[in-house]
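Scroll down for the structure; my scribbles are underneath it.
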């Protein structure tokens, strides 16, 4: 098969699955829906593998496959850019998606919206692939919005629940803020470069490096800086960076499989991918890079803190995701794009694993998500236990596992950077290691070790029933012992655990220090030497792991695990006492730094106030009264007149024709 | 003594016409002797396919004249004829069940349909006022009879009567216009008329008079305002199977009529007819879109929608540019496809004793027949001109051509009226998807062939909308080859 056809197959196979499952879901039934979508994603995954091999052999592609519209010099087309960067993303997306598809069979087994769910996740896979394979800004934006839409649909999948509707609306609105910046950025690109094609824009970028723009009278900014910051604002929305992070924890209202697929492994990393793709632009602006780095550092550290006090198992993982996205963003800020993508990849594996394992725990616990009600599950769910442990170890950066290589590289790169703000960033990512280890193992110990609390602790759970995943409504009330999940649930866990272990040492050398990414990522090593210095000090994966035993991050991680162990297994009474002592601090964390309250008060309240004013004066009076109803009335009256003319009498008709001729004659014969 | 100076004409360019003529007579004869009702049906389909084969086989970029310059076979004619056969085939297949239910499944319908097709073919290939008029009358007479096919239906007979009387009036206007131009230029052959006009005319007054009458006749055939009055009544009164036919293929012939007459013959008077067409286009857009809003009967609604579409078509023709002509050709071809589907759906949902012609009948269609509702939805959205359906590109190319030749205000008007028009198309979609159905279940006719064709028809509208380039290129090519 021609490679170009194969490129087309990758996004279109899941799309076909989505269409079949979505439109003919009733006809093909549950088994039909999951078969067809899994088949679609499987085909897509296999095609991605072939393409990956082909890219490794040095074949890249950049070209249009379909021209939508040509207007003057502007061509709006669908095109693919297949290079190592997109090949990696395609592989990650299709692999995680495949695992999640399989897992969903078990997780959603009793849900009435089974076919709809499969249709959505396949549609998501299509959109995400269109995003990463794009060779132009327009298609990037299409994919960007499409994944946002599917994310919205999936967060509100259980649309009868108040909290789910609130969460999906919130995600949608917050992302609008980001997308607004993104769209402005794309607009500026079009205005200054006259093209939306990546290659053309990147080619022209160095010539525009010194051009300035005056947004406010008397203030001149570099165009590139403004473009990069605007584009990055888009990334902040999609990749949940401070202060646009508020939607991600709430998105946990969606079913767990999509938390793994969309809100951990793929969609939220779209921002990271986008910035890496735009590296030729970001490299031209130190200001933008510093901005990126500082935002990432804040997210990495402060969102980690919040993870330390969460009691909902999915929210712990959600805050951990925020924090890890912050790490990736820091890596982007220090021009270590390849490290960011590397961490994106390893994170996709272990975080999807953690989410799916958390989902497995939730199934085992009959849809109770409160970790205070768990404990001692190790015996009952051995496979979930061991895979979740592997995931957690990878996440905290245990030397040898995948997370270690990517996270340590980020820390080292940050330390080597000399951009403005890199000192703070280095501190944040290093301190973050302790925090990560603490919340990960706090959750791990509370769930799998200690006393079995699920026999007694359900009174509290029933009161917060609204927060749970209890859509199935089965087993509610009767609390039997947890049980291991069916094979369709644990198989993906095992499949994801494998790369969580080995993907680090196997790929660090080619991806970070070889020329795997080639021309797809551009780093100006003179101005931003972090990556180069990293390369200098690298002596193989084994040496790196050994050396780590003597460095600060490792001992911080150990300290985090130890602290979690001491507080949650040995001295169970201590956390409560600490909480009472640290009143204000705890309240700040509990209120999530007050962002939600502020947003609710200022933006939501303000918007409602403004809205009601505009509604009363602008809408009801001016638009409804005059424009809409007024014009509708005029149209209606005209239509009535015209209708009246159609009397049905033949002589009226003949008369009208004669009048018509007469009028034309008098007009033209003068 | 000279034997004769009337040489045997070259028959090859007219071969498709000859095939259809012979077969139409055969269908009539078979009807007399054959017991089988299906014979006419099968023969008609075969005839149209055979004609399509012949036309395809003889198609090419070259232009061939025959019958002493009265008949022309060029690329535009080939394309339009192929579309005519297609429309005929679709009409026959869509109508089968409907006709059978109403005891009209007889040779007359098929023979009349073939004669009408023949009339259109002659119109499409005419290069002389006489052939143009001959084709027009052949088409019209066949259509009058078809409308009246349901002899015991008062509305059908009334519609046929109106159509006939007004049609006769329009023919009179047309002939009067032709006679004036003949008096002015001394020829009835279109190409020679253009030459004569280029050389200069004795009286601008006579030219303008003649033009007005010709354009009025043309407006009647197209159903453009203010010569549109027959359209709603005939569409409404005729049996739906006939409405489907009247509403589709003759528009192709009328388009050819416009191009032959105005471009081939009267291009030198472009400045005059351009303004007449502009008046008619604006009136058609206004009346078509406004009146359609008030309709409760879908056949009437589609009739007014036809009027507005013809307004759009005129906008393309009046630019007088190559881009305008080819976009108008694209428009008429896609319009025929959409219109076939829409009327086909009305036919398909009707059954013995029940006409699915009220908009209320479409309430909640999605709940009962989601696929049919989906196809109808595609057709309606496409007619409204929404992307990604082909109707969007049809409107877009016309607007581009308009703006390109400096008619900005007309383009703005066209967009505004399309906006108003979107209302009534979207209302059908709303009825199908958001309203609760009536208590009595609506059962579509059990015609698998029609359902399959409907699906293809709807998907064609979608696929052509996603990949409009090939058809656009074909239209541009046909126009280019013909206008050289």
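Side notes on the structure shown:
- Check on residue B:328, in contact with a helix residue (DSSP H, G or I) (Cβ under 6 Å, 6 or more places away or on another chain) and either surrounded by fewer than 24 Cβ atoms within 10 Å (Cβ to Cβ) or under 24 Å from residue B:100 (Cα atoms) (or both): no
- A search for C-beta distances below 8 Å between a residue of region B:34-61 that is in contact (Cβ under 8 Å) with a residue 40 or more places away in the chain and any residue that is part of a helix (DSSP H, G or I) and exposed (fewer than 14 other Cβ atoms within 10 Å of the Cβ), counting only pairs 6+ apart in sequence or on different chains, returns B:58/B:12.
- Subset of region A:623-657 that is closer than 17 Å to residue B:165 by Cα and within 8 Å of chain B (Cβ to nearest Cβ) - its residue that is surrounded by the fewest Cβ atoms within 10 Å (Cβ to Cβ): A:648
Matching residues to (1) assigned to a helix (DSSP H, G or I); (2) touching a residue at least 60 places away in the same chain (Cβ under 8 Å); (3) within 16 Å of the chain's Cα centre (by Cα):
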site	(1), (2), (3)
B:78	yes, yes, yes
B:82	yes, no, yes
B:85	yes, no, yes
B:88	yes, yes, yes
B:133	yes, no, no
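- Breaking point among (1) under 35 Å from the mean Cα position of the chain (by Cα); (2) within 14 Å of another protein chain (Cβ to nearest Cβ), for residue A:668: (1)
- Residues in region B:374-391 that are within 22 Å of residue B:475 (Cβ to Cβ) and either within 19 Å of the chain's Cα centre (by Cα) or not in a helix (DSSP H, G or I) (or both): B:379, B:382, B:383, B:384, B:385, B:386, B:387, B:388, B:389, B:390, B:391.
- Condition check for residue A:663: at the interface with another protein chain (Cβ under 10 Å from one of its Cβ atoms), surrounded by 11 or more Cβ atoms within 10 Å (Cβ to Cβ) and on the phi < 0 side of the Ramachandran plot: yes
- Some residue of region A:122-139 being over 19 Å from residue A:96 (Cβ atoms) and in a strand (DSSP E or B): yes
- For region A:312-328, residues that are assigned to a helix (DSSP H, G or I) and touching a strand residue (DSSP E or B) at 6+ places or on another chain (Cβ under 9 Å) total 2.
- Residues of region B:238-272 classified as at pLDDT below 90 and more than 20 Å from residue B:135 (Cα to Cα), total: 6
- Across region B:187-240, the qualifying residues are those that are buried (at least 24 other Cβ atoms within 10 Å of the Cβ) and in a loop (DSSP other than H, G, I, E, B), and the one among them that is nearest to the other protein chains (Cβ to nearest Cβ) is B:229.
- Cβ separations smaller than 7 Å between residues 6+ apart or across chains give the following pairs from region A:386-401 residues that are touching a residue at least 60 places away in the same chain (Cβ under 8 Å) to residues that are outside any helix (DSSP H, G or I): A:394/A:401; A:399/A:549.
- Within region A:247-287, the set of residues being modelled with pLDDT of 85 or more, assigned to a helix (DSSP H, G or I) and touching a strand residue (DSSP E or B) at 6+ places or on another chain (Cβ under 9 Å) comprises A:277, A:287.
- Scan of region A:50-65 for residues that are touching a helix residue (DSSP H, G or I) at 6+ places or on another chain (Cβ under 7 Å) and in a helix (DSSP H, G or I), ordered by number: A:50, A:51, A:52, A:54, A:55
- Scope region B:146-176; condition surrounded by 18 or more Cβ atoms within 10 Å (Cβ to Cβ) and assigned to a loop (DSSP other than H, G, I, E, B); matching residues: B:148, B:149, B:150
- Taking (1) within 25 Å of residue A:251 (Cβ to Cβ); (2) at pLDDT below 75; (3) surrounded by 18 or more Cβ atoms within 10 Å (Cβ to Cβ) in turn, residue A:473 satisfies each apart from (3).
- Checking every residue in region A:614-622 against the condition of being within 14 Å of chain B (Cβ to nearest Cβ) and under 30 Å from residue B:285 (Cβ atoms) gives zero matches.
- Residue A:550, sole failed condition from (1) touching a helix residue (DSSP H, G or I) at 6+ places or on another chain (Cβ under 9 Å); (2) surrounded by fewer than 18 Cβ atoms within 10 Å (Cβ to Cβ); (3) not in a helix (DSSP H, G or I): (1)
- Among the candidates B:43, B:80, the residue that is within 15 Å of residue B:113 (Cβ to Cβ) and either buried (at least 21 other Cβ atoms within 10 Å of the Cβ) or touching a strand residue (DSSP E or B) at 6+ places or on another chain (Cβ under 6 Å) (or both) is uniquely B:43.
- Residue match in region B:142-151 (condition: in contact with a helix residue (DSSP H, G or I) (Cβ under 8 Å, 6 or more places away or on another chain), within 13 Å of another protein chain (Cβ to nearest Cβ) and closer than 30 Å to residue B:265 by Cα): no
The values are calculated or read from the model by the stated rules, or taken from the named source; none is laboratory data. Nothing here was measured: the structure is a model prediction, and the numbers come from that model. A quick note on method: Cβ atoms are made from the backbone with ideal geometry, for glycine too, and the neighbour counts reach across all protein chains shown.
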